[in-house]
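Novice: Sending over a structure as structure tokens; questions will come in a sec.
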Amino acid sequence: MNLEDYKGIYVFIEQREGVIQNVALELLGQARKLADELNDKVYAMLLGHNIADQAQSLIASGADEVIVVDAPELAEYTTEPYTQAICQIIEDRKPESMLIGATTLGRDLGPRVSARAATGLTADCTKIEIGKKGELLMTRPAFGGNLMATIACKNHRPQMGTVRPGVLFAMDADENRTGEVVNYEVKFNTAKFKVKLLETVKEDTDLIDITEARILVSGGRGIGNEEGFKAMDGLAQTLEAEVSASRAMVDAGYIGHERQVGQTGKTVRPDLYFAFGISGAIQHVAGMEESDLIIAVNKDKDAPIFQVADLGIVGDAKQIIKKLTERLEK
Amino acid sequence: MDFSLTKEQVLFQQMIKDFAEREVKPLAAEVDEQERFPIETVEKMAKIGIMGIPIPKQYGGAGGNNVMYSMAVEELSAVCATTGVIVSAHTSLCAAPIMENGTEAQKQKYLPKLASGEWIGAFGLTEPNAGTDAAGQQTTAVEDGDNYIINGSKIFITNAEYAHVYVIFAMTDKSKGTRGITAFIIEKGTPGFSIGKKEKKMGIRGSATCELIFENVVLPKENMLGKLNKGFGIAMKTLDGGRIGIAAQALGIAQGAINETVRYVKERKQFGRPISGFQNTQFQLADMNTKTEASRMLVRKAANKKDQKVPYSVDAAMCKLYAAETAMEVTNKAVQLHGGYGYTREYPVERMMRDAKITEIYEGTSEVQRMVISANMLK
Amino acid sequence: MKIVVCIKQVPDTTEIKIDPKTGTLIRDGVPSIMNPDDKSGLEMALQLKDENGAHVTVITMGPPQADLILREAYAMGVDRAIHLTDRKFAGADTLATSHALAGALRKIDFDLLITGRQAIDGDTAQVGPQIAEHLDLPQVSYLEDLKFDGDKTFTMKRHIEEGYQMLEVEAPCVVTVLSSANNPRYMSVGGIVDAYQNEVEVWGFNEIEVDEKNLGLKGSPTSVHKAFARGLKPAGELYEVETDEAVGIIIKKLKEKFILN
């Protein structure tokens, strides 16, 4: 493998039912920054069926070239057709690096592609930097968020990474940016298509995406019970915020997994994060410490949550929620 | 000499702690408050073999040993003493005497059902006028052809309402006193056999303690357990084993109270710091833990001796005496360290203190244990 | 049906804490456990065994002490346990790990291969799909449920952000399972008593079918450039006041930051 032959930062553009996912734009934003620094180009790989009209928006969001693979086989995601398409692009175009969103789709696709391309994949990066030789250094949490590890992929290309939604920043769309859109044809080996998608079912609970919320009212063990969560709901409504929670509360069944913040839940970065009765285990902190303003309320003044809070209140979370809601309603 | 657990026991401890924490602890307060027999817990325990730990595999048991059994009662009791005694009475007082004294036919008939937990077991010795002095039995069994006719009653019977099979004792020859007592196996539903009033107890309130009533119950001779007039020996030997179970229960209660107290004293603040920072708290905890660990050593030693099939009566008496008195002392201190909150039902130490008391009383009072221990010294 | 489940021994990361003074990991006394997603994968296999009858094999790659989770698996009801261990596997990243496991799996006949979605010490979710690729088998990840038609077809429920998908795959195939899929059973007491009577087959490089260059450090495209404990940002203001005053402080802050007018 001659590393010199590999060029360009390739971004997998995740779309669902033709809607480009935010994470793809965040990756483009990051890729743009890296490419400017490396004097390289950003390639967006847009796979799907009848999605070509979306290509231009990707240029506005940072791509230099959009590779459109439009095929009925790609209408809905299953592992094998998407892997074949990406791997054909890798073989053909020899990307230097490749970024994929760490969604349920990206985390299914990424490892399959990396194994087929016999290259390294760093999962769930939170930070991507450029090393001395122009290589990517991808930093990710390990040991339940207790440890950060920076991973390099020295002698294999593309250097692949998945990045969690909500971690990186999309650039402001610039309609004046120019770039190329190319249609790319993939030869599928349909004999290997063995997984049949029967149906996709949407559930209401998952429609709320806490990573998109501007304000989060989050609760932990100190909130206690269902009544405590109701009070939080009231405060959230007053503030036009969403409710989220620590893992303990999800495990206890008070709230759905889709609202869990932390290492095993979602990474959030709202303008304001309220941590009510959350002790601040590292697993939780890993998912919210980048919030702009963190206000924590906890009975225990030694609770680790106060180490990341901008404003900490030692007190009974339930009382404070009640009073705060009353005051705000006035 | 080796004080460590075997590899199997280590694995077992991991499982039983996990089970107690996730399945038993969440129900403990409710079981106490409502005086409710936790039948759903028994079903869960049955499924994974906890109802048949020391019963050999050939009779459908888990093929484990008495150390494992004592660990089970300890860990269950650490979160819920009611659940601990259900297992203890079932195993030590019903399955064990059948295993040790039953005919092959009796073992085949009863052990698989007891081991699988399909049937719950109970034991009936105590009567209104025959507690510590078991010789005062008034329940009678009169020979009648191929049968015995049983009349009388038993009190304070653990698991009574929910059991399917009972090992009971009756006078077959009044003139011979303790040498005229015979053991029988009786099944639920036998005509003339009924369950009487349920006791309202201070502690272990979920364990369904009732009276057993026998009115002209006709029992075929094959239901006799052991030989005619040999019941007293069976009762005493059974209680020796039962004492290990109750000692393990007491040990568990003490450990449970320590666990709750350690958590509490780290959280509770007075005079601007956690009360764990005060030397009084620290010294109390040290004493509680040392005595509880000493109980554990005595319990495991007695259980191990039973596994080794060497005499263990005195060891059983010692571990029961010491663990029970330690449980009472430790739970008392635990409540004290909790202060006013410890006296409320918000915190489990209140229940634990009530639960602890019975361990000084049943399956031989502390006084009886002292009699057993000293008699052995002075013989 | 023959099922193989890949399991991993991991430190219970929920028990790991950071020393607030030095910022380093405190690993002392952290118990080693069977990875939760893997345990749910194992439960899924045992349920298939209960319902349809199946032969369940577990395999783990790891140091000698990983024997414990194989004993645990025996006590839960598996039929065969394989411990993959060899110095040649040391230093493996996910790709090299998947090659070693695939090498072993080439020696085992199965209809269904189950792995956990991800391990709590790494959270990469890569090894399952990578094994599937090496063995050229179809994969379904993020599994919440699986039904077998008794012949050769599996119907699967896969978790996605918006809800779930139903998929159909024929044996043989690879699935990765979420810990929310089920509640794993407890070890049975009888199983525990026998756990150490059962044989754990210890396999090394010589027992498996894999190209040596794909293994261990040599076979790992990624390497750790550096590792560090997560730094915490300096603490903000902390108040211990009455509720009313506290609420006042919060509102003042929200106004300061233009969240409230």
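Novice: Condition (residue is more than 21 Å from the chain's Cα centre (by Cα) and modelled with pLDDT of 95 or more) applied to segment C:175-188: is it met by at least one residue? Step through it out loud before you land on a result.
Specialist: Applying the first criterion (more than 21 Å from the chain's Cα centre (by Cα)) to segment C:175-188 yields C:188.
From what is left, the residues that are modelled with pLDDT of 95 or more are C:188.
Yes, segment C:175-188 contains a residue that is more than 21 Å from the chain's Cα centre (by Cα) and modelled with pLDDT of 95 or more.
Novice: Would you check if there is a residue in segment C:201-221 being more than 12 Å from every other protein chain (Cβ to nearest Cβ) and on the phi > 0 side of the Ramachandran plot?
Specialist: Taking every residue of segment C:201-221 in turn, at least one turns out to be more than 12 Å from every other protein chain (Cβ to nearest Cβ) and on the phi > 0 side of the Ramachandran plot.
Novice: Mind checking which residues of segment B:175-201 are in contact with an Asp or Glu (Cβ under 6 Å, 6 or more places away or on another chain) and either outside the structural domain of B:ALA163 (by TED's automatic domain parsing) or charged (D, E, K, R) (or both)?
Specialist: B:LYS197
Novice: Does A:ILE13 meet the test of being crowded, with 21+ Cβ neighbours inside 10 Å, without any contact (Cβ under 8 Å) to a residue 60 or more places away in the chain and either closer than 22 Å to A:CYS153 by Cβ or within 18 Å of the chain's Cα centre (by Cα) (or both)?
Specialist: Taking the combined requirement at face value, the residue satisfies it.
Novice: Anything in segment A:176-208 that is more than 8 Å from chain C (Cβ to nearest Cβ) and either part of a loop (DSSP other than H, G, I, E, B) or of a type in the set (Phe, Trp, Tyr) (or both)? List them, or say none.
Specialist: If the condition is that a residue be more than 8 Å from chain C (Cβ to nearest Cβ) and either part of a loop (DSSP other than H, G, I, E, B) or of a type in the set (Phe, Trp, Tyr) (or both), then A:ASN176, A:ARG177, A:THR178, A:GLY179, A:TYR184, A:GLU185, A:VAL186, A:LYS187, A:PHE188, A:ASN189, A:PHE193, A:ILE208 are the ones that fit.
Novice: Scanning for something in contact (Cβ under 8 Å) with a residue 12 or more places away in the chain, buried (at least 24 other Cβ atoms within 10 Å of the Cβ), of a type outside the set (Ser, Thr, Tyr) and more than 8 Å from every other protein chain (Cβ to nearest Cβ), does segment C:134-142 turn up at least one residue?
Specialist: No.
Residues checked against (1) of a type outside the set (D, E, K, R); (2) assigned by TED's automatic domain parsing to the domain that holds B:MET202; (3) farther than 17 Å from B:MET202 by Cα:
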| residue | (1), (2), (3) |
| --- | --- |
| B:LYS357 | no, no, no |
| B:TYR362 | yes, no, no |
| B:SER366 | yes, no, yes |
| B:MET371 | yes, no, yes |
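Novice: Which of the helices (runs of 4 or more DSSP H) contained wholly in segment B:1-92 include at least 1 residues that are among the acidic types (Asp, Glu)?
Specialist: Filter on segment B:1-92 gives B:7-19, B:25-34, B:39-47, B:66-79.
Novice: How do the helices (runs of 4 or more DSSP H) wholly within segment B:261-379 filter down when requiring 2 or more residues that are among the aromatic types (Phe, Trp, Tyr) and more than 25 Å from B:PRO26 (Cα to Cα): which remain?
Specialist: none
Novice: Residue under question is A:VAL167, and the condition is that it be more than 7 Å from chain C (Cβ to nearest Cβ), in a loop (DSSP other than H, G, I, E, B) and of a type in the set (A, V, I, L, M); does it hold?
Specialist: Criteria met by A:VAL167.
Novice: Scan segment C:101-117 for residues that are within 14 Å of chain A (Cβ to nearest Cβ) and touching a Lys or Arg at 6+ places or on another chain (Cβ under 8 Å) and jot them down.
Specialist: Scanning segment C:101-117 gives C:ASP111, C:LEU112, C:GLY116.
Novice: Is it true that A:GLU65 is surrounded by fewer than 23 Cβ atoms within 10 Å (Cβ to Cβ) and either at positive phi or of a type in the set (Asp, Glu) (or both)? So that I can check it myself, show each step before the final result.
Specialist: Working: surrounded by fewer than 23 Cβ atoms within 10 Å (Cβ to Cβ): yes; either at positive phi or of a type in the set (Asp, Glu) (or both): yes.
In short, yes.
Novice: Take the residues in segment B:164-205 that are assigned to a loop (DSSP other than H, G, I, E, B) and β-branched (Val, Ile, Thr); name whichever of them is surrounded by the fewest Cβ atoms within 10 Å (Cβ to Cβ).
Specialist: The extreme case among them is B:THR190.
Novice: Yes or no: A:ASP233 surrounded by fewer than 20 Cβ atoms within 10 Å (Cβ to Cβ), under 27 Å from A:VAL23 (Cβ atoms) and not β-branched (Val, Ile, Thr)? Walk me through how you get there before you give the answer.
Specialist: Values: surrounded by fewer than 20 Cβ atoms within 10 Å (Cβ to Cβ): yes; under 27 Å from A:VAL23 (Cβ atoms): no; not β-branched (Val, Ile, Thr): yes.
So A:ASP233 fails the test.
Novice: Another question, then. When you go through (1) under 14 Å from B:GLU75 (Cα atoms); (2) under 18 Å from the mean Cα position of the chain (by Cα) one by one for B:LYS17, which number turns out not to apply?
Specialist: Single failed check for B:LYS17: (2).
Novice: In segment A:90-113, how many are at the interface with chain C (Cβ under 9 Å from one of its Cβ atoms), in contact with a helix residue (DSSP H, G or I) (Cβ under 7 Å, 6 or more places away or on another chain) and of a type outside the set (Asp, Glu)?
Specialist: The number of residues fulfilling the criteria is 5.
Novice: With respect to A:TYR273, determine if the residue is surrounded by fewer than 22 Cβ atoms within 10 Å (Cβ to Cβ) and closer than 27 Å to A:ASN146 by Cβ. Write out each step before concluding.
Specialist: Numbers: surrounded by fewer than 22 Cβ atoms within 10 Å (Cβ to Cβ): no; closer than 27 Å to A:ASN146 by Cβ: yes.
The answer is no for A:TYR273.
Novice: Could you tell me which residue of segment A:148-164 is nearest to the other protein chains (Cβ to nearest Cβ), considering only residues that are surrounded by 23 or more Cβ atoms within 10 Å (Cβ to Cβ) and under 20 Å from the mean Cα position of the chain (by Cα)?
Specialist: Result: A:ILE151.
Novice: Answer with yes or no whether B:SER276 is surrounded by fewer than 24 Cβ atoms within 10 Å (Cβ to Cβ), closer than 30 Å to B:GLU75 by Cα and not assigned by TED's automatic domain parsing to the domain that holds B:TYR110. I'd like the intermediate steps shown before the answer.
Specialist: Details: surrounded by fewer than 24 Cβ atoms within 10 Å (Cβ to Cβ): yes; closer than 30 Å to B:GLU75 by Cα: yes; not assigned by TED's automatic domain parsing to the domain that holds B:TYR110: yes.
Yes, satisfied.
Novice: Could I ask something else about it? Residues to consider are C:MET166, C:MET187, C:MET156; find the one that is facing chain A (nearest Cβ under 7 Å), within 27 Å of C:LEU113 (Cβ to Cβ) and either of a type in the set (A, V, I, L, M, F, W, C) or in contact with a Pro (Cβ under 7 Å, 6 or more places away or on another chain) (or both). I'd like the intermediate steps shown before the answer.
Specialist: Details: C:MET187 fails: facing chain A (nearest Cβ under 7 Å); C:MET156 fails: facing chain A (nearest Cβ under 7 Å).
After ruling out the rest, the residue left standing is C:MET166.
Yes/no per residue for (1) under 21 Å from the mean Cα position of the chain (by Cα); (2) closer than 30 Å to A:LEU3 by Cα:
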| residue | (1), (2) |
| --- | --- |
| A:LEU58 | yes, yes |
| A:SER61 | yes, yes |
| A:GLU65 | no, yes |
| A:PRO72 | no, no |
| A:ALA75 | no, no |
| A:THR79 | yes, yes |
| A:GLN84 | no, yes |
| A:ILE90 | no, yes |
| A:MET98 | yes, yes |
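Novice: Residues that are closer than 27 Å to C:TYR164 by Cα and β-branched (Val, Ile, Thr): does segment C:96-115 have at least one?
Specialist: yes
Novice: Same structure, new question: Could you pull out every one of the strands (runs of 3 or more DSSP E) wholly within segment A:234-330 that has 1 or more residues that are out of contact with any Leu (no Cβ under 6 Å at 6 or more places or on another chain) and more than 8 Å from chain C (Cβ to nearest Cβ)?
Specialist: A:242-245, A:272-276, A:293-298
Novice: So, C:GLU240, is that one within 8 Å of another protein chain (Cβ to nearest Cβ), more than 23 Å from the chain's Cα centre (by Cα) and surrounded by fewer than 14 Cβ atoms within 10 Å (Cβ to Cβ) or not?
Specialist: yes
Novice: Going by the structure shown, is A:MET160 modelled with pLDDT under 90, in the same structural domain as A:THR103 (by TED's automatic domain parsing) and assigned to a strand (DSSP E or B)?
Specialist: When the stated conditions are applied, A:MET160 does not pass them.
Novice: Testing B:MET297 on (1) surrounded by fewer than 17 Cβ atoms within 10 Å (Cβ to Cβ); (2) more than 22 Å from B:SER92 (Cβ to Cβ); (3) among the aliphatic types (A, V, I, L, M), one condition comes back false. Which one is that?
Specialist: (2)
Novice: Here is a further query. Can B:ALA95 be described as in a helix (DSSP H, G or I), small (Gly, Ala, Ser), within 14 Å of chain C (Cβ to nearest Cβ) and touching a helix residue (DSSP H, G or I) at 6+ places or on another chain (Cβ under 6 Å)?
Specialist: Answer is yes for this residue.
The values are calculated or read from the model by the stated rules, or taken from the named source; none is laboratory data. This is a predicted model, so every value here is computed, not measured. Here Cβ is always computed from backbone atoms with ideal geometry, including for glycine, and neighbour counts include all displayed protein chains.
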